[in-house]
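The structure appears right after this line, and notes come after that.
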Amino acid sequence: MLRNIISFVLLLLSIPLLSQQYIADYSVAKEEALRSIPMDIISKIQDELVIAYQHTSHGTHVSRGMFGLHNYKAGDEDLFGVSAGPAANKLEFRDLALESYAPDGVDAADLGRDELAFIQTTRNYLDAPENATVNVVMWAWSRIVGHDVAGNYLPGMDSLISEYGLSGTKIGSGTGQREVPVTFIYMTGHSIKDENTGLLNPKEQAQLIIDSCIANQMFCHEYYSIDTRTMDDVYHEDTGDNGDSDTYGGEFPPGLAGCTYTGSGLL
């Protein structure tokens with residue numbers, strides 16, 4: 001869980017800096033990377049970003065970790081404070097924020113329930129006056145297998161960016177527009193035991209998303225690569241979403257990937 005949080009925090013670091021690091025994958029999911037972030041940059045993230053996040057099951061790794069990171073080690077309460085609303089010296093992180101803005105009868109709990117639901121749901125959310133300050137949006141997959149990433153997800157994200165991104169058609173001060181542009185974070189899907197390769201499976205779907213983000217300079221939280229690597233970065237293609245791999249010989253040992261959220265912090 002914590003490896004997902006570290007990569008996500010480092011991705012947030014890139015946004016206010018307009019960094020060239022667009023893919024947050026296993027290679028940056030390191031505690032030493034987390035501890036290397038200067039305090040002025042952490043303060044910048046806390047002051048400037050308002051995040052809306054929508055997910056179900058596996059996407060919970062990000063949100064629970066975000067709300068538990070402040071209790072991970074001594075001093076982290078000052079570095080990584082998170083709040084569901086505006087609060088001094090804390091990152092505003094609106095968890096499960098978008099689902100209730102779905103059109104009537106549409107299931108928009110995550111990206112996999114209805115592949116196109118996230119598009120209009122995001123529009124409805126960003127057009128609502130109460131969400132005028134939100135400037136980062138991320139949706140998570142539950143099970144990415146079999147979904148039309150190339151035909152639905154990527155074009156859907158392109159549409160939202162063209163409307164609400166920097167210089168988007170819905171950014172301005174006129175009627176029906178919002179003043180604050182939005183950064184959209186792409187996300188790959190979690191691994192599935194012995195089902196990661198092949199057409200429309202997690203590895204290939206992840207590569208489609210990564211290639212698109214690199215080509216278009218968009219940010220991506222690369223969940224799949226973190227799921228399928230041990231703490232020393234060895235890749236096991238048969239890995240399941242709980243770190244179980246026959247080629248490894250069992251479950252990956254506890255470490256950052258073995259941290260769990262207790263409700264009061266990370267263990």
- Taking the Cβ of Ser43 as the centre, find all other residues whose Cβ is under 14 Å away and add up their charges (Lys, Arg: +1; Asp, Glu: -1). -3
- So, by mean Cβ neighbours within 10 angstrom, what's the order for 36-44, 106-114 with the highest one leading? 106-114, 36-44
- Can you figure out the FRET efficiency of Arg35 with Gln207, using R₀ = 30 Å and their beta-carbon distance, to the nearest 0.05? 0.50
- With +1 on the Cβ of every Lys and Arg and -1 on the Cβ of every Asp and Glu, the dipole magnitude of the range 95-142 about its Cα centre, in debye rounded to the nearest 20, is 140 debye
- Would you mind calculating the relative contact order of the chain from Cα pairs under 8 angstrom and at least 6 residues apart, reporting the percent as a whole number? 21 percent
- Roughly how many debye, to the nearest 20, is the charge dipole of the range 88-246 about its Cα centre, given +1 on each Lys and Arg Cβ, -1 on each Asp and Glu Cβ, and no other charges? 700 debye
- Nearest-0.05 FRET efficiency for Leu199 and Ala87 at R0 = 35 Å, using Cβ-Cβ distance, is 0.15
- Item | Accessible surface, the range 36-149, averaged per residue in Å² (probe 1.4 Å) | 41 Å²
- Message: Could you tell me the center-to-center distance, by alpha carbons, between the range 48-111 and the range 172-231 in angstrom?
- Response: 17 Å
- Query: Most mobile of Pro202, Pro155, Pro129 per a Gaussian network model of the chain (Cα springs, under 10 Å)?
  - Reply: Pro129
- Task: Take the Cβ-Cβ distance between Ser162 and Ser57 as r, set R0 to 45 Å, and report the resulting FRET efficiency rounded to the nearest 0.05.
- Result: 0.90
- Per the 1.4 Å probe, what fraction of the accessible area of the chain, in percent, lies on carbon and sulfur atoms? 52 percent
- Positive-pole candidate from Ala128, Thr247, Ala33, dipole of the chain, charges at beta carbon: Ala128
- Task: For Leu96 and Glu179, compute 0.36 nm times the residue count separating them, minus their Cα-Cα distance, and round to one decimal in nm.
- Result: 27.6 nm
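The values are calculated or read from the model by the stated rules, or taken from the named source; none is laboratory data. Predicted, not measured: the structure shown is a model, and the values here were computed from it. So basically every Cβ, Gly included, is an ideal-geometry build from the backbone, and we count neighbours across all protein chains shown. Side chains included, ligands, DNA and RNA excluded: accessible areas come from the protein's heavy atoms. Shrake-Rupley method; radii C 1.70, N 1.55, O 1.52, S 1.80 Å.
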